[in-house]
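> Let me begin by handing over the structure; questions about it come next.
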Amino acid sequence: MDQKHSEYKLPDRKQALKRTRDAVESSYDLFEVSSGAAGLGRGKTYYLRTYGCQANVRDGETMAGMLEMMGFSSCENEEEADLLLFNTCAVRKAAEDRVLGEIGSLKTLKKRHPEKKIALCGCMAQEENIVDLLIQKYPQVDLVFGTHNIYRLPELLRRCMQDNERVIEVFSEEGRVVENMPVRRSHPAKGFVNIMYGCNKFCTYCIVPYTRGKERSRRQEDILKEIISLKEEGRKEAVLLGQNVNAYGKDLGMQDGFTDLLCACAETGIERIRFYTSHPRDYSISTIEAMRRYPNIMKSLHLPVQSGSDEILRRMARGYTAGSYMELYDAMKERIPEITFTTDLIVGFPGETDEQFQKTLDLVEHCRFDLAYTFIYSPRSGTPAASMPDDIPFEVKKQRLQILNDKIADSALANNREYLGRTVKVLCEGSSRKKADVYSGYSEENKLVNFTGPEGLENRIVDVKVTGVHSFSLDGEAL
Ligand code: SAH
Ligand code: SF4
Ligand code: F3S
């Protein structure tokens, strides 16, 4: 195959850090497809696999929208697809290894069908070592693009498919917010809405600020337009997304931008609003008041704490203490007694002692989370924590994870027992493949509910009587 490498520039981490800390005005652009790329996918199929967080899911929806605008249709099978896209996550090594394994196994498929195109995008594509590895060891990958140039997908595909180029285009420059991009939403009942991109927090373990760049907020009017269109399409829930939603609007010079935005979103009248992810350091009392005031802002909060040890939190650069986290938790419970909490926790941060781990267990005892995403610390090259000394054996870290998971499962079950016999309002997301009358969805409190009921409940808010409880789900019957 006659292929030439296009020039690429990778992010310089120090520069990226500096740029991120400089407040730079974001620019806003409108999405366009060039005439050369418009009909490129006619009669062709694409297979898109997305890993990672909801930011990636939302990006995947944008890519699917663009591909369908270009004439591609989606397919569920790698073997059949003309174009395969891997929308990747870099947050832990295990996530990366899974993708590399998957792509590695496509070598034979590509040999048999050299006309198929394989693309890798998402957060792994923003990592210098990964792009080098792909260039050298994964010749089956035809296209690599990063998180800042998704809007260029049609043009990159044109070069890849028409000019038969191997295209590697990863922007180190962020800063552009592109509006009007097409979207193919993955849920009929709800819609993800980016309110901002990037993260300025630089927690010492985390790669996201390097893969997603500095914080850039979308304009409030663009966000509201998207929520109104969700409502007009009959969707019941808008899920606002940002790595640290409480920082919304800071780059636009707003004081309490997130609370203002939340109130404006509630005023659109959409039935449900949720938001991910909140940061304990920036959470403001005014946001609690907004949650209290508007019944359509769901009373559940995902508030990652990461650790219960002040020393570990300091070394993570989280900017709060276990005590201040618990104060915030108590203040919210006092103002909104029905509120439910979920969190993220890391065990085995470099040098974490048994006593420090115990502090995490103590915090979990106090906060009684309904669910926690728990992780063993994974060193990410280029982040400050990756060079911190760590003498804790992996076996110990695994044991800690197990102890923590058991404790969370216990408190979640105890919380759920209080729901037995109660009626909860569930947004029905669909029925089980095996049994058409077994539905699932999420209650206002963000509990997963599996329930039985008559036909046709999809995409409706249903009153469900709770008849059984588990640690992380409820069983019930539609009333
Ligand atoms: N912006 C969000 C979450 C981003 S990543 C926040 O600040 O809460 C999602 C979760 O992955 C984090 O909350 C953290 O618990 C986990 N995580 C991030 N980097 C990690 C690493 N290097 N090792 C293990 N877990 C990590
Ligand atoms: Fe990562 Fe911290 Fe930013 Fe969350 S707030 S994305 S954990 S750097
Ligand atoms: Fe993963 Fe990127 Fe999200 S690293 S967690 S997909 S922002």
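The values are calculated or read from the model by the stated rules, or taken from the named source; none is laboratory data. What you are looking at is a predicted structure, and each value in this text was computed from that prediction instead of being measured. Note that we place each Cβ from the backbone using ideal geometry, even for glycine, and neighbour counts take in every protein chain shown. Surface areas here come from the heavy atoms of the whole protein model, side chains and all, with no ligands, DNA or RNA. Shrake-Rupley method; radii C 1.70, N 1.55, O 1.52, S 1.80 Å.
Here's the yes/no breakdown for (1) open to solvent by 20 Å² or more (accessible area, probe 1.4 Å); (2) part of a loop (DSSP other than H, G, I, E, B); (3) among the aliphatic types (A, V, I, L, M):
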residue	(1), (2), (3)
Y151	yes, no, no
E155	yes, no, no
R158	yes, no, no
D163	yes, yes, no
V177	no, no, yes
V183	yes, yes, yes
V193	no, no, yes
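> Then there is this: Residue check: is E429 open to solvent by 20 Å² or more (accessible area, probe 1.4 Å) and either touching a residue at least 40 places away in the same chain (Cβ under 8 Å) or within 30 Å of S309 (Cβ to Cβ) (or both)? Lay out the reasoning, then the answer.
Values: open to solvent by 20 Å² or more (accessible area, probe 1.4 Å): yes; either touching a residue at least 40 places away in the same chain (Cβ under 8 Å) or within 30 Å of S309 (Cβ to Cβ) (or both): yes.
Yes: the conditions hold for E429.
> On the basis of being part of a loop (DSSP other than H, G, I, E, B) and either crowded, with 16+ Cβ neighbours inside 10 Å or more than 25 Å from the chain's Cα centre (by Cα) (or both), does E96 make the cut?
The answer is no for E96.
> Return the total of residues in the stretch 113-140 being modelled with pLDDT of 95 or more, within 11 Å of ligand 3 (Cβ to nearest atom) and not in a helix (DSSP H, G or I).
Residues that pass the stated criteria total 2.
> Within the stretch 201-215, count every residue that is within 15 Å of the chain's Cα centre (by Cα) and of a type in the set (S, T, Y).
So the count comes out to 1.
> Take the residues in the stretch 201-230 that are among the hydroxyl-bearing types (S, T, Y) and surrounded by fewer than 21 Cβ atoms within 10 Å (Cβ to Cβ), then tell me which one is nearest to Y320 (Cα to Cα).
Residue satisfying both the conditions and the ranking: T204.
> Next question. Go through the stretch 195-306 and tell me which strands (runs of 3 or more DSSP E), entirely inside it, have 3 or more residues that are among the aliphatic types (A, V, I, L, M).
237-241
This table checks each residue for (1) in the same structural domain as Q306 (by TED's automatic domain parsing); (2) in contact (Cβ under 8 Å) with a residue 12 or more places away in the chain; (3) in contact with a helix residue (DSSP H, G or I) (Cβ under 7 Å, 6 or more places away or on another chain).
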{"residue": "P393", "(1), (2), (3)": "yes, no, no"}
{"residue": "I408", "(1), (2), (3)": "yes, yes, yes"}
{"residue": "D437", "(1), (2), (3)": "no, yes, no"}
{"residue": "V449", "(1), (2), (3)": "no, yes, no"}
{"residue": "E455", "(1), (2), (3)": "no, yes, no"}
{"residue": "N459", "(1), (2), (3)": "no, yes, no"}
{"residue": "V462", "(1), (2), (3)": "no, yes, no"}
{"residue": "V469", "(1), (2), (3)": "no, yes, yes"}
{"residue": "L474", "(1), (2), (3)": "no, yes, yes"}
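> For K250, only one of the following conditions fails: (1) crowded, with 18+ Cβ neighbours inside 10 Å; (2) within 16 Å of ligand 3 (Cβ to nearest atom). What is its number?
(2)
> Also: So T147 fits all but one of (1) assigned to a loop (DSSP other than H, G, I, E, B); (2) away from ligand 3 (no atom under 14 Å from the Cβ); what number is the exception?
All conditions are met except number (2).
> Take A64 and tell me if it is within 16 Å of ligand 1 (Cβ to nearest atom) and surrounded by 15 or more Cβ atoms within 10 Å (Cβ to Cβ).
No.
Table: residues versus (1) in a helix (DSSP H, G or I); (2) among the hydrophobic types (A, V, I, L, M, F, W, C); (3) open to solvent by less than 10 Å² (accessible area, probe 1.4 Å); (4) touching a residue at least 12 places away in the same chain (Cβ under 8 Å).
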| site | (1), (2), (3), (4) |
| --- | --- |
| E311 | yes, no, no, yes |
| R315 | yes, no, no, yes |
| S324 | yes, no, no, yes |
| E352 | no, no, yes, yes |
| Q356 | yes, no, no, yes |
| A372 | no, yes, no, yes |
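> Now for a separate question. When you look at P389, is it exposed (fewer than 14 other Cβ atoms within 10 Å of the Cβ), in contact with a Gly (Cβ under 7 Å, 6 or more places away or on another chain) and not assigned by TED's automatic domain parsing to the domain that holds A90, yes or no?
Details: exposed (fewer than 14 other Cβ atoms within 10 Å of the Cβ): yes; in contact with a Gly (Cβ under 7 Å, 6 or more places away or on another chain): yes; not assigned by TED's automatic domain parsing to the domain that holds A90: yes.
Criteria met by P389.
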